[in-house]
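The values are calculated or read from the model by the stated rules, or taken from the named source; none is laboratory data. For clarity, every value in this text was computed on a predicted model and none was experimentally measured. Here the Cβ is made from the backbone with ideal geometry for all residues, glycine too, and neighbour counts use every protein chain on show. Protein only, heavy atoms only, side chains kept; ligands, DNA and RNA dropped before computing areas. Shrake-Rupley method; radii C 1.70, N 1.55, O 1.52, S 1.80 Å.
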Amino acid sequence: MKINKIREMSSPELEKELGELKTELFKLKFSLATNGLDNPMKIKEVRKDIAKINTVLTERKIAEKEIKA
């Protein structure tokens, strides 16, 4: 997922996407442990997407605090 696409999404949409990605990551790890994956690099991609979303959410929280102060 591209960072520009993530920045265009609203905070509630990002929260929803974050939950879906965490669920997907769990399923991928479980699948890897039980019977292997066709593409183990998918885990790395999902982890990076989670990190990108968390970064954008944190940036927004900091910006809100600066506006209020």
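Data table
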| item | result |
| --- | --- |
| Scan of segment 24-42 for residues that are surrounded by 11 or more Cβ atoms within 10 Å (Cβ to Cβ) and hydroxyl-bearing (Ser, Thr, Tyr), ordered by number | SER31 |
| Unmet requirement for GLU45, which otherwise passes all of (1) open to solvent by less than 100 Å² (accessible area, probe 1.4 Å); (2) of a type outside the set (Ser, Thr, Tyr); (3) modelled with pLDDT under 95 | (3) |
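A quick yes/no check of all residues on (1) aliphatic (A, V, I, L, M); (2) in contact with a Leu (Cβ under 7 Å, 6 or more places away or on another chain); (3) in contact (Cβ under 8 Å) with a residue 40 or more places away in the chain:
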| residue | (1), (2), (3) |
| --- | --- |
| MET1 | yes, no, yes |
| GLU8 | no, no, no |
| SER11 | no, yes, yes |
| LYS16 | no, no, no |
| GLY19 | no, no, no |
| SER31 | no, yes, no |
| ASP38 | no, no, no |
| GLU45 | no, no, no |
| GLU64 | no, no, no |
